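Engineer: Got a structure for you, questions after.
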Amino acid sequence: MIWREKKTLLIILGLILLANTLFFFTYRVQYKSRLDALDERLETAKSQLEQARTARTQAERTFQGYRQVEKDVLLVFNEHFSTQTERLTMMIAEVKRLALASNLVPASYSFTQQGEKKIEGTRAGESLGAHEVGIRFNVSGSYQQVRRLINLLELSQQFVIINGIGLNAVDEGALSLSLDLKTLFRDETADTKNNRL
Amino acid sequence: MKPIHLNLAARPYRDYRPVYAAVVVMSLVTAYLLLNNIETYYRYIRETKTTRAEIATIEGQTQVERNKREAAQQRLATLDLSRLDKQTKFVNARLAERAFSWSTLLDELESILADDVRLQSVSPRFQDDGTIILTMSFRSKSSDGMITTINRMNGDPQFRNPFPSQESFAEGTYSFDLVVQYIPVTMKKSEIVRTSARAKRKSGGRR
């Protein structure tokens, strides 16, 4: 009877006591483990930061790598291949000069132009941004002259590729050399203004 | 004489002492726990201030790093990697063709060809692994010119797998064609091993 009369007071006091007891056992008794948990959280955060930093560095390095490759490819296209308008006559003049320097004078030259180099596997046949031009000529001379011409072509500043050679003995000590050269030119329509291919 | 029991109390008598005792005890315990808890809370806040601040800083830095990574990935997505890959392969192949030394090849051929065998034509085909397939035509005055040439190529580390495609005899001269794998001297030994291993894997895969 007396307890029922003071029910409200007792319930309020009981609840406050219960709340304090819960807090006490949660925080006071497990104080050390809570500190440890916080330290653990700090370690986790540090490791997450390290992972994020590594991932960022890797992503940036990958991007820079591709960008460098793009620049290098662009350099080859612009500096070595150049455009047909800029380099074709210079290259023909260079080949003639080297033949003359080897004391070999071709009777005739033949020139061929191949279409754009396409990217294989694309349905639309997307262009690689370059096309090929071939130069073929025959010369007669000694083996030493032939070797000298080949060597000069290899050392030339022009981007000339020796595609194939044919040799025939004309008479004692003389050879007929058939040289198949090729070079590449960048397509003038290729977008290089923005330093992109 | 009968005693008189006079009850002059306004209310019925109740002994509240146990209730008050319980209230006092509960209050004292509660007060003790409350003070202890407040002290614990402030101690926790004070002692972990540095750690919590460090965690907040680190989490902020992590977010910044994640944003930067996403930005790099978005920039990467703007590149046409497939096209760039094909262009790179194309350019590398052309540069390899340009760097190919015909003088070295002719020196090599001079060192292995027999006196009665003459080179007539040679055309290279450049492989992705850096090796070169040479298709060559020869003329010989003797019938064993082709066999001698193949044997000498087998003995030279720069040539691999020489294989004849045809041999004919006309007007006292033997003509034969050979296809051979040529490994330029500039290729390092390790590269040759890798190339060889790749070739083996490829042939194994075909089987």
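Values in this text are rule-based calculations from the coordinates and carry no lab data. Keep in mind that this is a model prediction, so the values were computed, not measured. Here the Cβ positions follow ideal geometry from the backbone for every residue, glycine too, while neighbour counts run over all protein chains shown.
Engineer: How much length would be gained if the chain were fully extended between B:T57 and B:I4, taking 0.36 nm per residue of separation minus their Cα-Cα distance, in nm to one decimal? Don't jump to the answer; show the numbers that get you there.
Structural biologist: Working: separation 53, 0.36 × 53 = 19.08 nm, distance 8.59 nm.
Between B:T57 and B:I4, full extension yields 10.5 nm more.
Engineer: Counting only other chains, and only Cβ atoms inside 10 Å, what mean value do you get across the residues of A:21-30? Walk me through the intermediate numbers first.
Structural biologist: Values: counts 4, 2, 7, 6, 1, 2, 6, 8, 1, 0.
That average works out to 4.
Engineer: Continuing with this model, one more query. Quick one: go through segment A:148-186 and flag any residue whose amide nitrogen is under 13 Å from the point 7 Å out along the Cα-to-Cβ line of B:D107.
Structural biologist: Residues A:151 fall inside that zone.
Engineer: I'd like the orientation of helix A:31-75 relative to chain A: the angle between its Cα long axis and the longest Cα principal axis, in ° from 0 to 90, rounded to 10.
Structural biologist: Roughly 20 degrees between the two axes.
Engineer: Next question. Can you list residues from other chains, or at least 5 along the same chain, whose modelled amide H is less than 5 Å from the amide H of A:S140?
Structural biologist: Close amide H contacts, sequence-distant or interchain: A:V105, A:L177.
Engineer: Lysine pairs in chain A with Cα distance under 30 Å, only those 8 or more apart or on different chains: how many are there?
Structural biologist: Pairs that pass both the separation and distance tests number 12.
Engineer: Packing-wise, with mean Cβ within 10 Å as the measure, how do B:104-112, A:142-150 rank, highest first? It would help to have the intermediate numbers written out before the result.
Structural biologist: Details: B:104-112: 16.1, A:142-150: 18.1.
My ranking of the peptides, most packed first, is A:142-150, B:104-112.
Engineer: Determine the gain in length on full extension of the stretch A:A37-A:L10; use 0.36 nm per residue of separation and subtract their C-alpha separation, reporting nm with one decimal.
Structural biologist: Details: separation 27, 0.36 × 27 = 9.72 nm, distance 3.68 nm.
Using 0.36 nm per residue and subtracting the Cα-Cα distance, I get 6.0 nm.
Engineer: Follow-up question, since we're still on this one. Considering the Cα positions of chain A, please state its Rg to one decimal place and its Dmax as a whole number of Å.
Structural biologist: Rg and Dmax of chain A, Cα atoms, are 40.0, 140 Å.
Engineer: Now a separate question. Quick one: putting +1 on the C-beta of Lys and Arg, -1 on the C-beta of Asp and Glu, what dipole do you get for segment A:82-186 around its Cα centre, in Debye to the nearest 20?
Structural biologist: Numbers: 11 positive and 10 negative charges, 39 e Å.
I would put it at about 180 debye.
Engineer: Could you list B:V179, A:V29 so that the one with the fewest beta carbons within 10 Å of its beta carbon is first and the one with the most is last? Each step should come with its number before you reach the end.
Structural biologist: On the way: B:V179 14, A:V29 11.
Arranged by neighbour count, lowest to highest, B:V179, A:V29 become A:V29, B:V179.
Engineer: Considering every residue in B:67-74, what mean count of other chain Cβ atoms within 10 Å of its Cβ is obtained? Provide the component values of the computation, followed by the final result.
Structural biologist: Values: counts 2, 7, 9, 3, 4, 10, 6, 2.
Mean partner shielding for this stretch: 5.
Engineer: Rounded to two decimal places and with Rh computed the Kirkwood way over Cα pairs, what is Rg over Rh for the protein assembly as shown? Intermediate values should be presented prior to the final figure.
Structural biologist: Details: Rg = 44.9 Å, Rh = 29.9 Å.
Across the protein assembly as shown, the Cα-based Rg/Rh ratio is 1.50.
Engineer: Then there's this: How much FRET efficiency would the formula 1/(1 + (r/R0)^6) give for A:S156 and B:N154, where r is the Cβ-Cβ distance and R0 is 45 Å, rounded to 0.05?
Structural biologist: Numbers: r = 35 Å, r/R0 = 0.77.
With a Förster radius of 45 Å, E is 0.85.
Engineer: Counting Lys and Arg as +1 and Asp and Glu as -1, what is the net charge of the other residues whose Cβ lies under 11 Å from the Cβ of B:R98? Kindly include the intermediate steps, with their values, before the conclusion.
Structural biologist: On the way: positive: A:K182, B:R94; negative: A:E154, B:E97.
Local net charge: 0.
Engineer: Amide H neighbours of A:A130 under 5 Å, counting only residues 5+ apart in sequence or on other chains, H built in-plane at 1.01 Å?
Structural biologist: Answer set, sorted by chain and number: A:K117, A:D187.
Engineer: By the scheme Lys and Arg +1, Asp and Glu -1, what is the net charge of all other residues having a beta-carbon under 14 Å from that of A:L104?
Structural biologist: Values: positive: A:K96, A:R97, A:R147, A:R148; negative: none.
Net of charged neighbours comes to +4.
Engineer: To continue, here is another question. What's the FRET efficiency of A:Q30 with B:D85 using the Cβ-Cβ distance as r and R₀ = 60 Å, to the nearest 0.05?
Structural biologist: Numbers: r = 57 Å, r/R0 = 0.96.
That gives a FRET efficiency of 0.55.
Engineer: Using per-residue counts of other Cβ atoms within 10 Å, averaged over each peptide, order A:76-86, B:47-57, B:13-23, A:16-26 from highest down. Before the final figure, lay out the partial values.
Structural biologist: Values: A:76-86: 17.1, B:47-57: 13.1, B:13-23: 11.1, A:16-26: 14.8.
The densest-packed peptide leads the list: A:76-86, A:16-26, B:47-57, B:13-23.
Engineer: Among B:A77, B:L6, B:T62, whose Cα projects farthest towards the positive end of the dipole of chain B, with charges put on the beta-carbon of Lys, Arg (+1) and Asp, Glu (-1)?
Structural biologist: Working it through, the farthest residue towards the positive pole turns out to be B:L6.
Engineer: Oh, and also: Say a paramagnetic label sat at a point 7 Å from the Cα of B:S142, along Cα to Cβ; which residues of segment B:108-129 have their backbone N under 16 Å from it?
Structural biologist: Residues B:112-119 qualify, since their backbone N sits under 16 Å from the label point.
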